[in-house]
Amino acid sequence: MVRLNKIYTRTGDGGETHLSDGSRTSKTDQRVAAFGAVDELNSALGLAVLAVEAKRLTGWLSRIQNELFDLGADLSHPGPDDTAKVPPLRVIPEQAALLEQEIDQMNQDLQPLRSFVLPGGSEAGARLHLARAICRRAEREALVLAKTQAVNSEALVYLNRLSDHLFVAARWVNMDSKTEVLWVPGAGHGISDKTAG
């Protein structure tokens, strides 16, 4: 059970923070960068939920927000698991599998892509695209961490699948309003000075 009686502790004033195993590390440590990006992603999803009207999708996104706390806890624990006083919370394969099921459900309603999609469309779509981009960065930060430190491979799978989920969700919310904007390669090449006011 998490219990927070006091928000400021002053223990981070020197540039260090606690990991979930109780050890301390620099706030510039790559592990902190990884779970920090997940926290930023969670905040972006909170904004997206406010703009999405479909209850089915808001339900999924709310569950994902909770799972991102699981993911942050996972990335915050350096391991090894077998010597931990309390078994660390780890992302499991079933979580990514559920994302795949939801992707498939949304994709059934969508037309096949004819080009890359520009981030935007409706407000909900734009917020989901922003969350998708942050998710990709969180994945990159976690992959950099995995080069030198232990990382649960299922956490990496989850982030990769979640970015796909958010991309399809953005397309899905833009579907009804027909606000999806496709990339037109080289569209700006024909701009001339004559168009300027």
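List of remarks:
- Taken over the range 156-178, the criterion of being of a type outside the set (A, V, I, L, M) and at negative phi is satisfied by Tyr158, Asn160, Arg161, Ser163, Asp164, His165, Phe167, Arg171, Trp172, Asn174, Asp176, Ser177.
- Boolean, Arg24 is modelled with pLDDT of 80 or more and either of a type outside the set (S, T, N, Q) or in contact with a strand residue (DSSP E or B) (Cβ under 6 Å, 6 or more places away or on another chain) (or both): no
- If you filter the range 149-168 down to residues that are within 25 Å of His129 (Cβ to Cβ) and of a type in the set (S, T, N, Q), you find that the one that is surrounded by the most Cβ atoms within 10 Å (Cβ to Cβ) is Ser163.
- Meets criteria (farther than 20 Å from Thr58 by Cβ and out of contact with any helix residue (DSSP H, G or I) (no Cβ under 9 Å at 6 or more places or on another chain)) for Ser115: yes
- Filtering the range 40-60 to residues that are more than 18 Å from Asn160 (Cβ to Cβ) and in a helix (DSSP H, G or I) leaves Ser43, Gly46, Leu47, Ala48, Val49, Leu50, Ala51, Lys55, Arg56, Leu57, Thr58, Gly59.
- Hey, Gln95 more than 28 Å from Ala187 (Cβ to Cβ), at pLDDT 95 or above and crowded, with 18+ Cβ neighbours inside 10 Å or not: yes
- Residue that is part of a helix (DSSP H, G or I), modelled with pLDDT of 95 or more and under 20 Å from the mean Cα position of the chain (by Cα), where the choices are Ala33, Ala37, Ala73: Ala37
- Complete set of residues in the range 102-139 that are touching a residue at least 60 places away in the same chain (Cβ under 8 Å), farther than 21 Å from Ala54 by Cβ and within 19 Å of the chain's Cα centre (by Cα): Leu118, Ile134, Arg137, Ala138
- Applying the set (1) at pLDDT below 65; (2) of a type outside the set (Lys, Arg); (3) part of a loop (DSSP other than H, G, I, E, B) to Pro78 leaves exactly one unmet item: (1).
The values are calculated or read from the model by the stated rules, or taken from the named source; none is laboratory data. Bear in mind that the values here come from a model prediction, so they are computed numbers and not experimental data. All Cβ positions, glycine included, derive from the backbone under ideal geometry; neighbour counts span all protein chains shown.
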